[in-house]
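To start, the structure under review is shown below, and the notes come after it.
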Amino acid sequence: MNSSLVGLQHLKYLDLSCNNFNGSSIPKFIGSLKSLEYLNLSKAGFGGTIPPQLGNLSKLVYLDLNLNYGRLGFLYSDSLTWVSHLSLLKYLDMSGLHLSAAVDWIHGISSLPSLEVLHLSDSGLRNTNTILSHSNLTALKVLDIRSNYFHTAISPNWFWNIRTLTYLDLSSSGFQGPIPYEMGNMTSLEQVYIGDNNIMSMIPPNLENLCNLKIMDFSWSNITGDIGDLMNRLPKCSWNKLYVLDFSYNNLDGNLPNWLQPLKNLSYLNLHGNNIMGPLPLWIGGLHNLTILNLGSNRLVGEINEEHLEALTNLQVLDMSDNSLSMRVHSNWIPSFKLKMAGFRSWQLGPAFPSWIRWQRSMNVLDISNATIHDNVPDWFWVVVSTASYLNMSNNLLSGTLPASLEMLAAGMIDLSSNRFAGPVPRFPRNVQYLDLSRNNLSGTLPDFGAMNSFYALALYNNSISGSIPFSLCLVQCLNILDLSGNMLSGELPTCKGDSGPYKQMLALNLNSNNLSGVFPSALQMSQDLVFLDLAYNQFSGNLPAWLGDKLPSLALLRLRSNNFSGNIPIQLATIQGLQYIDLACNHISGQIPESIVNLKTTSVLTKGQQLEFTKGIQYMVNIDLSCNNLTGQIPQGISALVALKSLNVSWNHLSGRIPNNIGDLKALESLDLSHNELSGEIPSSISALTSLASFNLSYNNLSGRIPTGNQLQTLATDDPESMYVGNIGLCGPPLPKGCPGNGTSNSPVDEPEQKDNGMVNSIYLSMIIGFIFGLWVVFCIMLLHKGLRYSYFASIDYLYHTMCVHVVVTWNFLMRRGNRAGLAA
């Protein structure tokens, strides 16, 4: 700024707003313009400290230093004592400044007797729970201190004693506790915004004097209690003035009251996200000025008919989603309203397609998902929604074919998933950003993608689409999510030239359960941000590339099962620090499990909707499935360091050696399958420490020794506990029938009680011995007297002897060869 402005000593009005001074300081010489009454420096790109010389502008009536809208934080003030000198000031806006260090801000401002409007939103303020012994704020009408960091009790506070306030905004400032009774004395209040705080109680019961109240916004404030009680606490004298009531996202319950004289001027009613129960009262239909009605996500029940809606001629937004409501109107009903937004998710609108939608020609948002509609979509519907920006009809039983005019829809978000649409996939809408046609009966080939620059998510999974993925996919520039799984696609994934194409910003790619072929797609080298990759159940082949770890550093899930991949597991996989899920099962992968797999590490993991926190450096792999391959060697001893591992499956390989002794350190393990390998030695006793196990299999190995016991191992949910250990001829102990040496002949964990009648038991034993001796002498006498029987008996014995000798020799040689191979491998 040119300092020559100092010469304008009679200047009263100076407006430099909406310029760009590029962070330069507010000139101190402005403080010498003693005649200034109006000074506007808002959104002008000033930086640094507010010069205290502004306090010299004793005639100033209007001061605007608002720096919101992109310039937040450039301008700050360590003290506001200079403000106290502006005794004529009526309007002060310092929103968006950094005033957190100005500990005297309340005292500086409270000395302004003429101040009528004060805006201090988003200014980093912290200290506010001050009780002023004296305040000159006798003219203040507007107080806006929203979006600060007070995090203190909402009462007591200096502002509750200002009786002149007509506008009070305390929203999003961390206030806690109940609203004080003093609010009932603020008789001038017209608008009050206390949303996004933590009130934890009902509004005060003494609001009957607030006869000027027009707007009440208490959304997201943890208000508790009965909705009927809340409605009855609204000041009766302002019922004809109230036009905005917002108590959304609180903890209100109970039934809506049955009023005879509703709020005649109410235009905005939002009770979304509470626990309000019961039917919708008919007085709702008497709110003739209502333009926005949002009662979604409650527990309302019953039927809605024409009487509820017919008189709402001004209604533009109607959101009643996620209630147990049904609409019962005549098929020829023509509503009196023209909706721009309609939300009927999880209603019972069907089974017939709701014909009243035909007359809603200004629709911008329509959600009739999960609405029990079992019908064809009429042709007129696609005309009605042609200009809508959001369309959701998922999870119904809609049938018919998708029209060619789908390409002309203006919607940016379209979800038609989980229906019964059949026929070919139409050309994609030109402006769509999110398109979900999954779980239908669509067939034919994929249409041309064209130059869809804003296309960021496409889901076509679980259809019957065939053919190849068109090369025009390379024209899509911003694709984040592509899910074509569960179709009949063939060929290779298109490789795009240069740095352009859909892969550069790809976050999730799911192509599983198709007939795609070729080597691991080299195009994915561009996908530095790829998190989810699923190529399972296809015909991909070749080696896994070594560049996986370098080019896909953000990968969390890698699923390649049931393909034809071969070669070794790249050791570079261990460099992907966020990898949570590896599934390479049912391929032709050989070699050893790389020891580097135990180096996978991060600080957190998302699993089953919960975030588990770990300290830096603790390994956390959640799932490893390497089953049904040709892997050899041993299980890495360091695998026990993966302390968050949920599932480990290396079955149906050729792994040898011992099970790691410290496998019991995997406390989070829920599934362990080491079956059908060549593992030997004893089962580590630490395995009994796996208290989270739900699935366990060590069958068909060369394990030996006693089976460890433990509460979890004994209570695994299986109908055949022996199957977990079968095929290990050296194992003994429960649940196998084979007893261990030193255990006697019984495997029962509890000895049978001693028989009381020992004499009878001894008699039974004696009778058995006598019977055996008598039978032996009978056979001996017969053979002694009958020559033919004697020759036949000894011939049979001789044949059995030679057979057993041959079997023993063959078995011994087989075991010796296997033992030698194991020794060499070790």
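Nothing in this text is a laboratory measurement; each read-out follows from the coordinates by a stated rule. Quantities reported herein were computed from a predicted structural model and do not represent experimental measurements. Every residue, glycine among them, receives a Cβ derived from its backbone with ideal geometry; neighbour counts consider all protein chains shown.
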Next item on the list: Tell me the label-point distance for the pair GLU307, ARG233, using the 7 Å Cα-to-Cβ offset, in nm and rounded to one decimal.
Entry: 3.2
Notebook entry, point to check: So which of LYS12/LYS141; LYS28/LYS59; LYS236/LYS264; LYS12/LYS90; LYS241/LYS338; LYS43/LYS90 end up more than 23 Å apart by C-alpha?
Noted result: LYS12/LYS141; LYS241/LYS338
Item checked: Mean-position separation - Cα centroids, segment 1-19 and segment 376-408, in angstrom -> 59
Note to self: Report the gain in length on full extension from LYS59 to TYR13: 0.36 nm times residue separation, minus Cα-Cα distance, nm rounded to one decimal.
What the structure shows: 15.4 nm
Check: Ranked by Cβ crowding within 10 angstrom, fewest neighbours first, how are ILE663, ILE194 ordered?
Finding: ILE663, ILE194
Check: Tally Lys/Arg at +1 and Asp/Glu at -1 over every other residue whose Cβ is under 10 Å from the Cβ of ALA536; what's the total?
Finding: 0
Next item on the list: Could you calculate the contour length gain from ASP448 to GLN528, that is, 0.36 nm times the residue separation minus the distance between their Cα atoms, to one decimal place in nm?
Entry: 26.2 nm
Next item on the list: Within segment 1-69, report the chymotrypsin sites (Phe, Trp or Tyr not before Pro) that DSSP leaves as loop and that have at most 14 other Cβ atoms within 10 Å.
Entry: TYR69
Margin query: I'd like the antiparallel share, as a percent to the nearest 5, of DSSP beta bridges with both residues in segment 529-732.
Written below: 10
Item checked: Built amide H within the under 5 Å cut-off of ILE276, gap 5+ -> ARG299
Next item on the list: Report the net charge of residues surrounding PHE159, where surrounding means a beta-carbon distance below 15 angstrom and charges are Lys +1, Arg +1, Asp -1, Glu -1.
Entry: -1
Note to self: If I take the Cα coordinates of segment 456-584 and project them onto the principal axes, what are the three extents in Å, biggest first?
What the structure shows: 36, 29, 24
Next item on the list: Give the value in nm², to one decimal: projected area of the alpha carbon convex hull of segment 1-134, averaged over all directions.
Entry: 7.4
Item checked: Residue exposure sequence - SER596, SER248 - by fewest surrounding Cβ within 10 Å -> SER596, SER248
Next item on the list: Find out how many positive minus negative residues lie around CYS237, taking Lys and Arg as positive, Asp and Glu as negative, among other residues whose Cβ is under 14 Å from that of CYS237.
Entry: +3
Checklist line | Rounded if a/c under 1.5, otherwise prolate or oblate - segment 254-298, Cα gyration tensor axes | finding: oblate
Note to self: On the principal axes of its Cα set, how long, how wide and how thick is segment 529-732? Give whole Å, largest value first.
What the structure shows: 50, 36, 28
Check: So for the pair ILE729, SER464, with labels modelled 7 Å out along Cα→Cβ, what separation do we get in nm?
Finding: 5.2
Notebook entry, point to check: So how much slack lies between SER324 and ASP550, counting 0.36 nm per residue of separation and subtracting their Cα-Cα distance, in nm?
Noted result: 76.2 nm
Check: Using a basic spin-label model with each label point 7 Å from the Cα along Cα→Cβ, how many nm lie between LEU507 and MET200?
Finding: 3.5
